[in-house]
Amino acid sequence: MRVLGIDPGLTRCGVGVVEGSLGRPLTLVDVNVLRTSAGIPVAERLVTIEKGLDAWLDEFQPDAVAVERIFARSDSSTIMGTAQASGIALVVAARRGLPVAMHTPSEVKAAVSGSGRADKAQVTAMVTRILRLDAPPRPADAADALALAITHIWRGSAQARIDAALAAAGRKQ
């Protein structure tokens, strides 16, 4: 399974592609951050993000997309831009008919580190270890995108097996 993880943001939108399957080593395909300038209108920034995500989808042909679920936090000034970038991510994936999963930050932290309260440094360290990287992905938005993809491969694969088992059990009754 190949998953594009997206850590949405209006200034920095982390993107990372991970390939692998449940119970097997995962592989980094690519990682980067799409950047926009605060000095240009929001609509233009969103178009830049859309074009960047479309280019990633064209180049890497993921099987699924995992996007960070927006949640209320103390820094409310970033929520609107993050939500707008998230909406763009959902649209570009849905336009191509790709399955989209949304994972909360605490779900991602728990999946990659074992603790839903892990800090950014712990998440980055675990992403580096899980993907057997020589150096930690930078900035944190890039590491977060990879963590989302890892989470989806691990949790999405398990959920798909559960769904298949339930469907098979339903057919037998």
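The values are calculated or read from the model by the stated rules, or taken from the named source; none is laboratory data. Values in this document were obtained by computation on a predicted structure and should not be read as measured data. Every residue, glycine as well, gets a Cβ built from its backbone with ideal geometry; the counts of neighbours run over all protein chains shown. Accessible surface areas use protein heavy atoms only, side chains included; no ligands, DNA or RNA. Shrake-Rupley method; radii C 1.70, N 1.55, O 1.52, S 1.80 Å.
Between R69 and A125, what is the spin-label point distance in nm, taking each point 7 Å from the Cα along the Cα→C-beta axis?
The two pseudo-label positions are separated by 2.7 nm.
Taking the solvent-accessible surface of protein heavy atoms with a 1.4 Å probe, what is the per residue accessible area of the range 87-156 in Å²?
47 Å²
Quick one: helix 140-151 against the long Cα principal axis of the chain, what's the angle to the nearest 10°, folded into 0 to 90?
Its long axis makes an angle of about 20 degrees.
Please give the net charge around S86, taking every other residue with its beta carbon less than 10 angstrom from that of S86, where Lys and Arg add +1 and Asp and Glu add -1.
Neighbourhood net charge equals -1.
Given the C-alpha atoms of the range 1-145, compute the convex hull and give its volume per residue in Å³.
Cα convex hull per residue, to the nearest whole number: 105 Å³.
Quick one: net charge around T36, please, counting Lys, Arg +1 and Asp, Glu -1 for every other residue with C-beta under 9 Å from its C-beta.
Local charge sum for T36: +2.
Restricting to the chain, what percent of DSSP beta bridges are antiparallel, rounded to 5?
Beta bridges within the chain, antiparallel portion: roughly 65 percent.
Starting from the 7 Å offset along Cα-to-Cβ, what nm value, one decimal, do you get for the label separation of A169 and V42?
4.6 nm
Not counting the cut sites, what is the longest span of the chain without trypsin sites (Lys or Arg not before Pro) that DSSP labels loop and that have at most 16 other Cβ atoms within 10 Å?
That gives 1-68 as the longest site-free run.
Which angle between 0 and 90 degrees, to the nearest 10, do you get for helix 120-130 versus the longest principal axis of the chain when only C-alpha atoms count?
Taking Cα atoms only, the helix is inclined about 50 degrees.
From the phi angles alone, apply the Karplus equation (6.51, -1.76, 1.60; θ = phi - 60°) to the range 21-36 and give each ³J(HN,Hα) in whole Hz, x where the residue is Gly or Pro.
8, 4, x, 10, x, 9, 10, 6, 9, 6, 8, 6, 10, 7, 10, 10
Connecting C-alpha atoms closer than 10 Å in a GNM of the chain, tell me which of G97, G87, G14 has the biggest fluctuation.
G97
Would you work out what percent of the accessible area of the chain, with all protein chains in place, is carbon or sulfur (probe 1.4 Å)? Intermediate results must be reported in sequence, preceding the final value.
On the way: 4790 of 8930 Å².
Solvent-exposed carbon and sulfur of the chain make up 54 percent of the total.
Can you tell me the 0 to 90 degree angle between the C-alpha axis of helix 157-172 and the longest principal axis of the chain, rounded to 10?
40 degrees
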